[in-house]
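J.: Sharing a structure, written as C-alpha cells. Questions coming.
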Amino acid sequence: MISLSRQEIVQTSRYLVVKVGTNVLTTRDGLLNGERIHRLVEEICEIRKRGVYVTLVSSGAVGAGMGRLGLDKRPKFNPDLQAVAAIGQSALIQNYEEEFATKGVLAAQILLTAGDLANRARYLNARNTFNSLFNFGALPVVNENDAISSAELNLTFGDNDRLASLVANLFPESLLILLTDVDGLFDGDPALPESKLVHVVDDWSPALMDMVAEKKSSRSKGGMSSKLKAAQTVTSAGGTMIIANGDDPNILTKIYNYEEVGTVFFPSSRLSARKRWFRFASPCGTLVVDSGAASAIEAHGKSLLPIGVVRSLGVYRKGDVVEIVDVNNRELARGLTNYSSQEAQLICGKRSSELPKALGRNQDIYEEIVHRDNFQLANFAK
C-alpha cells in the first residue's frame, strides 16, 4: 500500500473520472433531475479550473427513457431495455450538452462497452481519443452502449461502475469518484443505526465484500458489490477511488476541499500504462503450465518457455493476450504470446533446441512463448 493522504490525492491527481448513478440523476418517477444535473455540471467546471482533466461517466439512459415513456418498472426483456435506453440516451446527452454549454465547455459523447477496452488496439485508440478531447478543451461524457449491448444489460450489478473503473485505468494515477445514493461503505447494513461509515480503506481485501448490503432499485443496475470490485480494479493499477453520496449537491466541492466525506480507497501499487491494460484485458486463450514453470513465473518473474507448457487452450494469434494458469486452473499471469495457438500446440513441452524441427522452420523462432517483459502477474501488484 502506498502511503498517501486525501489532500495529496486530490492535489496530485491530474485525471478525475466522476461516475454518477441513475438514482442520483433521476427522480423517483424516473425523470431526469435537471436541478441535480445543473449542480453537477457546476461543480465539474469548477474542478476543471484547477487544471484537472475531467471525464464524466453517466448512468441514467434507461431511467430517463422510462420517464419519457411513462414506465414505472424497468423492462425485463432485452429489446425493450435497448429501446428504452436509446430513447433515454438522447435526453441524457442533450441535458449535459446544454448545461456545459452555459459554462463554455463542449461535451463529447462516448458510448463504450467493457469489450471496447479489452482489445489492445481499441484500448489505445480510446486513450488517444480521450487525450485529443482534453487537448480540444472538451469534456468526455461516457455511458455504456446500452442500446446494442444486450449482454451488459443482462448483468444485475455494476455495468457503469465497472466501465468507470476501466476508463479511470486509461489515465495514470487517476482519481475515480463514484457518486451514489449512500454515504459510502458501511461496516454493516446502512439501514441499521449501529453501522458505521468506513472512511478509509488502505488496502482492498475480499473480506470487504462481507460488509456489503445491497439495496434493490427498479431504475439502477449498480450496487455496493460492484463498487468494491471497481475499487479493486482502480487501486491495484495505481489509482484512487472515493465512494460518496451524490444526493449532496456540494459533494464534489467537499471532496476537493479535502473534507472527510465518503469512503476513500487508496492505491496499492503504481503500474505503467501497459501493465494497467493487462489488468482488464480479455484473454484470447489459455496456457496451462507445470509446477516448475509456475514457480519460475510467480516467484522469480521468469519468462515462460515452451518446455513448461502442458497444453494450449483456445484460438489466438501471435501478439494476443493469453492467460497463464497452473494445472489446478489458478491464474498466474496474463501476457502477450509470441506464437499463435496452432504453433503453441506444436511446441508444448519442447526444449528450445527442438523448436525449429517442431515448427518446420528456422526463422521467426522465439525462445520464450511469453517473454517476462510482456506479462503481468495475476495479483497485479508486482
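All of the numbers you see were taken from the coordinates with simple rules; none came from a lab. Just so we're clear, the structure is a prediction, and the values are computed from it rather than from any experiment. Heads up, the Cβs are rebuilt from the backbone with ideal geometry, glycines too, and the neighbour counts pull from every protein chain shown.
J.: At a 10 Å Cβ-Cβ cut-off, how would you order E42, E35, fewest neighbours first?
T.: Working: E42 16, E35 10.
Going from sparsest to densest Cβ surroundings: E35, E42.
J.: Related question: Between T253 and L69, what is 0.36 nm times their sequence separation minus the Cα-Cα distance? Round to one decimal in nm.
T.: Values: separation 184, 0.36 × 184 = 66.24 nm, distance 3.43 nm.
Result for the pair: 62.8 nm of gain on full extension.
J.: While we're on this one: Could you calculate the contour length gain from E8 to V52, that is, 0.36 nm times the residue separation minus the distance between their Cα atoms, to one decimal place in nm?
T.: Working it through step by step, the gained length comes to 14.4 nm.
J.: Could I have the simple spin-label model distance between Q94 and L359, label points 7 Å from Cα toward Cβ, reported in nm to one decimal?
T.: If labels sit at Q94 and L359, their model points lie 5.8 nm apart.
J.: While we're on this one: Starting from a Cα-only point model with no solvent, please compute log10 I(q)/I(0) by Debye for region 283-377 at q = 0.21, 0.23 1/Å.
T.: Cα-only, vacuum Debye calculation for region 283-377: -0.96, -1.16.
J.: Per residue, what volume in Å³ does the convex hull of the Cα atoms of region 30-75 enclose?
T.: Looking at region 30-75, the number lands at 62 Å³ per residue.
J.: List the residues, sorted by chain then number, that are 5 or more residues from L139 or on another chain and whose placed amide H is less than 5 Å from its amide H.
T.: Those lying under 5 Å, H to H, from L139 are L106, A107, A108.
J.: Check each of the chymotrypsin sites (Phe, Trp or Tyr not before Pro) in region 36-132 and keep only those in coil by DSSP with at most 14 other C-beta atoms within 10 angstrom; list them in order.
T.: Filter output for region 36-132: F77.
J.: Follow-up. Report the full-extension gain for the segment R28 to A191: residue separation times 0.36 nm, less the Cα-Cα distance, to one decimal in nm.
T.: Working it through step by step, the gained length comes to 56.8 nm.
J.: By how many degrees, 0 to 90 and rounded to 10, does the Cα axis of helix 291-300 deviate from the longest principal axis of the chain?
T.: With rounding to tens, the tilt is 60 degrees.
J.: Next up: At a 10 angstrom cut-off on C-beta neighbours, averaged per residue, how do the peptides 325-335, 347-357 rank from highest to lowest? Write out the running numbers ahead of the final one.
T.: On the way: 325-335: 17.3, 347-357: 14.8.
My ranking of the peptides, most packed first, is 325-335, 347-357.
J.: Taking the Cβ of A230 as the center, what net charge do the other residues with Cβ under 10 Å away carry, scoring Lys and Arg +1 and Asp and Glu -1? Before the final figure, lay out the partial values.
T.: Details: positive: K19, R162, K227, K229; negative: D161.
Here the count lands on +3.
J.: Using DSSP, restrict attention to beta bridges with both residues in the chain and report what percent are antiparallel, rounded to the nearest 5.
T.: Here the antiparallel bridges make up roughly 40 percent for the chain.
J.: Amide H neighbours of T113 under 5 Å, at least 5 residues apart or on other chains, H built in the peptide plane: list them.
T.: Hits under the 5 Å cutoff: N145.
J.: Anything over 29 Å Cα to Cα? Flag those among K19/K49; K76/K254; K196/K254; K103/K196, in the order listed.
T.: Listed pairs above 29 Å: K76/K254; K103/K196.
J.: Would you kindly derive the ³J(HN,Hα) couplings of region 313-324 from the backbone phi angles with the Karplus curve 6.51 cos²θ - 1.76 cosθ + 1.60 (θ = phi - 60°), listing them in order in whole Hz, with x for Gly and Pro?
T.: Per-residue couplings from phi come out as 10, x, 10, 8, 10, 4, x, 6, 7, 10, 8, 10 Hz.
J.: Hey, what do the phi angles of region 78-88 turn into as Karplus ³J(HN,Hα) couplings, whole Hz, using 6.51/-1.76/1.60 and θ = phi - 60°, x for Gly and Pro?
T.: 3, x, 5, 4, 5, 5, 4, 5, 5, 5, x
J.: Let me know the charge dipole size of region 6-276 about its Cα centre in debye, to the nearest 20, where only the beta-carbon of Lys, Arg (+1) and Asp, Glu (-1) is charged.
T.: Around 860 debye, computed over region 6-276.
J.: Now a separate question. Calculate the tail of P(r) for the chain: the fraction of all Cα-Cα distances greater than 37 Å, expressed in %.
T.: Cα-Cα pairs of the chain separated by over 37 Å account for 27 percent.
J.: Then there is this: Grab the beta carbon distance between N245 and N329, set R0 = 35 Å, and tell me the FRET efficiency rounded to 0.05.
T.: For R0 = 35 Å, the calculated efficiency reads 0.30.
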